[in-house]
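Data first, discussion second: the structure below is written as structure tokens.
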Amino acid sequence: MALPLLLGQLLALMGPGDAFYLEVRELEEKCFIQEIPDGTVVIGNYKTELYDPAMEKYQPSPQWINLFVFVKDPENKNLLARQYGPQGSFTFTSQSPGEHQICLHLESIRFALFYDGKLAIHLDMQLGERTNDYAEFAAKDKLTQLHLRVQQLVEQWREERFRQTSESTNQRVLWWSILQTFILVATGVWQMQHLKSFFKAKKLV
């Protein structure tokens, strides 16, 4: 899918709180771009619906409708390629900052949808600090205690690195300000001495 079309879909579908609503046909793939920092855990909560022509409205999808999720990072590496049920959530962790491509499509695992086959996907994306519920991670992704501990340590290390970088930057800014002040004072003193010498040479003082 062309990049302009992807971005167009993103602008058209994106709402408050990174919520998306997509209408699709069976096997029709919808993709969008999400800007994600590195080392960020992303949770996508979703539900799917199947159009009922008799009721003339969308109804919750039956269990034989599956959602397929594909995620690629800015280097076009696969972060996620997995099949899910008609309602639930998926998670992945970004490895590098930048634009991630997320593609979704729905498919019947029993038979083709002969009547029109209109489907809808409701998707809510959650990034970063809002996803730091480790008990939820364990329940959703079946993580072991070791995995959870590693995830906690990685996030603590990242926070410590950010704090150290901020302190180092603030210190450099402080010293640069002091140096600028010293240069300005020295320049002012030199200019005063130069003007005084000039006026003396011209016998004005």
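Could you tell me whether segment 117-133 includes any residue that is farther than 28 Å from residue 20 by Cβ, modelled with pLDDT under 75 and surrounded by 14 or more Cβ atoms within 10 Å (Cβ to Cβ)?
Quick first cut of segment 117-133, residues farther than 28 Å from residue 20 by Cβ only: none.
No, there is no match, as no residue in segment 117-133 is farther than 28 Å from residue 20 by Cβ, modelled with pLDDT under 75 and surrounded by 14 or more Cβ atoms within 10 Å (Cβ to Cβ).
The residue of segment 47-92 that is nearest to residue 32 (Cα to Cα), among those that are open to solvent by less than 50 Å² (accessible area, probe 1.4 Å) and under 13 Å from the mean Cα position of the chain (by Cα), is 71.
Checked against (1) under 30 Å from residue 61 (Cβ atoms); (2) at pLDDT below 70; (3) of a type in the set (Asp, Glu), residue 107 meets all criteria but (2). If you go through segment 34-46 and keep only what is assigned to a strand (DSSP E or B) and either open to solvent by less than 50 Å² (accessible area, probe 1.4 Å) or closer than 16 Å to residue 22 by Cα (or both), you end up with 34, 36, 41, 42, 43, 44, 45, 46. Exactly one residue out of 148, 143 is open to solvent by less than 70 Å² (accessible area, probe 1.4 Å), modelled with pLDDT under 75 and in a loop (DSSP other than H, G, I, E, B): that is 143.
Say whether the condition of being at pLDDT 90 or above, out of contact with any helix residue (DSSP H, G or I) (no Cβ under 8 Å at 6 or more places or on another chain), open to solvent by less than 20 Å² (accessible area, probe 1.4 Å) and under 22 Å from residue 109 (Cα atoms) is met by at least one residue in segment 10-25. No - not one qualifying residue is present in segment 10-25.
The values are calculated or read from the model by the stated rules, or taken from the named source; none is laboratory data. Since this is a predicted model, take the numbers as computed values, not measurements. Here Cβ is always computed from backbone atoms with ideal geometry, including for glycine, and neighbour counts include all displayed protein chains. In case anyone asks, the SASA skips ligands and DNA or RNA and just uses the protein heavy atoms, side chains included. Shrake-Rupley method; radii C 1.70, N 1.55, O 1.52, S 1.80 Å.
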